[in-house]
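Every number here is computed from the coordinates shown, using simple stated rules; none is lab data. This structure is a prediction, so every number in the text was calculated from the model and none was measured. Virtual Cβ from ideal backbone geometry, glycine too; neighbours counted across all protein chains shown.
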Amino acid sequence: MPYVLIAKDKPGALETRKQNREAHLAYVAETGVVTLGGPFLDDEGAMCGSLMVLDLPDRAAVEAWAEGDPYAKAGLFASVEISDWKKVIG
């Protein structure tokens, strides 16, 4: 089932994001459950959060995946929201 994960970075955490980006992208590739994803951008075009669509069987699996993300382990996020999602277009 698809789930959407929306994570907002802590203020002033761009360097934390940059320092952990390679590990985050490797985790995404290694786990193979992200079907769509990318960063949110602030008014200056700097990364400031993430949106990901994950194909996992249940919310517990999504929460476990999110906890294993190097970004989360580095303390990047101020908030993380997980929601069931139904694809209709695209």
Using only Cα atoms and rounding to the nearest 10 degrees, what angle (0 to 90) does helix 14-31 make with the longest principal axis of the chain?
30 degrees
How compact and how long is the chain, expressed as Rg and Dmax of its alpha-carbon atoms in Å?
12.7, 37
Over 24 Å (Cα to Cα) among 18/86; 18/87; 18/73 -> 18/86; 18/87
Quick one: if the Förster radius is 41 Å, what FRET efficiency do residue 16 and residue 87 give, using the C-beta to C-beta distance and rounding to 0.05?
0.85
The size of the Cβ-based charge dipole (Lys, Arg +1; Asp, Glu -1) of the chain about the Cα centre, to the nearest 20 debye, is 60 debye
Can you give the relative contact order of the chain as a percent, counting alpha carbon pairs under 8 Å and 6+ residues apart?
50 percent
Relative to the first principal axis of the alpha-carbon coordinates of the chain, what is the inclination of helix 59-68, with its axis defined by its Cα atoms, in degrees from 0 to 90 and to the nearest 10?
30 degrees
Positive end of the charge dipole of segment 2-84 (Lys, Arg +1 and Asp, Glu -1 on Cβ, about the Cα centre): tell me which of 70, 31, 41 has its Cα farthest that way.
70
Take each of the peptides 62-71, 44-53, average the number of other beta-carbon atoms within 10 Å over its residues, and list them starting from the highest.
62-71, 44-53
